[in-house]
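Heads up: the structure comes next, in structure tokens.
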Amino acid sequence: MFLHAEARSSPARLCSLAAFLGLLVLGACAHDAARGRGSAEAMDVPAAHRTRLVVMGMIHGEHRTSARYSTAVIADAIERIGPDVVLCEIPPDRLVIAQAEFARTGTITEPRVRVFPEYVDVLFPLSRARTFEIVPCAAWSKPMSDDRAAKLEAWRTTRPAESAEVEAADKRSEARLAAESAKVGLTPDDPLFIHTDLYDAITKEGLEPYDRLFNEDLGAGGWTNINVAHYALIEKALDAQRDTGRTVLIMFGAGHKTWFMDHLRQRTDVELIDARQYFAR
């Protein structure tokens, strides 16, 4: 379930690790953010001024094939949320290119953006009639993606036992997602299931071997490392909204959600809003 849509197109693969590759913009502040010591933690903002924060987990390419979580469903949810700011899984330099392309032609060909239908088919078109600001918060780059892919492929031969453990955990997570969602009459790609603590717990468990065995050796593209880098950008964007009472929407791969939520819950300047209310049928 955790490989990127560019590398694996099966609809059952709901999250993507290769889209999680990134630029490790680390420093002291990024490490502090990862440990929950963001600059907002010490400042208790009055309830009326707290940022209203919605975290929406994306399934990337599967949005084009999922009946439960289609691009039309995303568009409707965004309209209901009415965000002032959208934090997206696009690197800053790629967003500049994509926005220029969209303004000029109405389409996006930038290769690191066009793979995300939630942006190409939904967010950018909605921006024509809406005034929300799009803030890029992805720390990955193509060289890092290529480096990670090459290492993982090589390790299938040079580190077979560890690679097998990662793959087995992936398959167990898929099975658990299917079984647990079925218990409540949903499917694994349903946003009413994706936006639950149970989904996050299963995702976290499934990624544990990958993180434990490969994070350090993957360097900037490792699971913890890339989440630290992503979150540093997210935290900077949230700090800029402090004490405004505005509504911020985070749109990132669903696999990241468990990592982000653990840290966002430690902020005292935001009010976390349950995303499920925007998908009510």
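Taken together, the values in this text are just the output of simple stated rules run on the coordinates, not laboratory data. It should be emphasised that the depicted structure is a prediction, and the values quoted were computed from it without experimental measurement. All Cβ positions, glycine included, derive from the backbone under ideal geometry; neighbour counts span all protein chains shown.
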* Among 57-64, 151-158, how do they line up from the highest to the lowest mean number of other beta-carbon atoms within 10 Å? -> 57-64, 151-158
* Could you give the dipole magnitude of the stretch 155-281 about its Cα centre, charging the beta-carbon of Lys and Arg +1 and that of Asp and Glu -1, in debye to the nearest 20? -> 240 debye
* If you place +1 on the Cβ of every Lys and Arg and -1 on the Cβ of every Asp and Glu, how big does the dipole about the Cα centre of the stretch 179-238 come out, in debye to the nearest 20? -> 120 debye
* Structure fact -> Here the stretch 128-135 yields Karplus 3J(HN,Hα) values (6.51, -1.76, 1.60; θ = phi - 60°; whole Hz; Gly and Pro given as x) of 5, 10, 10, 9, 5, 8, 9, 10
* To do: Work from the charge dipole of the stretch 18-279 (Cβ charges, +1 for Lys and Arg, -1 for Asp and Glu, about the Cα centre) and give the residue of S181, L207, N225 farthest towards its positive end.
  => S181
* **lysines with Cα under 30 Å of K236, excluding same-chain neighbours fewer than 8 positions away** => K142, K204, K257
* Which of V96, V122, V45 has the fewest Cβ neighbours within 10 Å, and the rest in rising order -> V96, V45, V122
* Using θ = phi - 60° and the Karplus curve 6.51 cos²θ - 1.76 cosθ + 1.60, what whole-Hz ³J(HN,Hα) does each residue of the stretch 243-258 get, with Gly and Pro shown as x? -> 6, 9, x, 7, 9, 10, 10, 9, 10, 9, x, 4, x, 6, 4, 4
* **the stretch 91-124 residues near the modelled E153 label - backbone nitrogen below 19 Å, point 7 Å along Cα→Cβ** => 112
* Structure fact -> Using alpha carbon centers only, the stretch 266-280 is separated from the stretch 161-178 by a whole-angstrom value of 30 Å
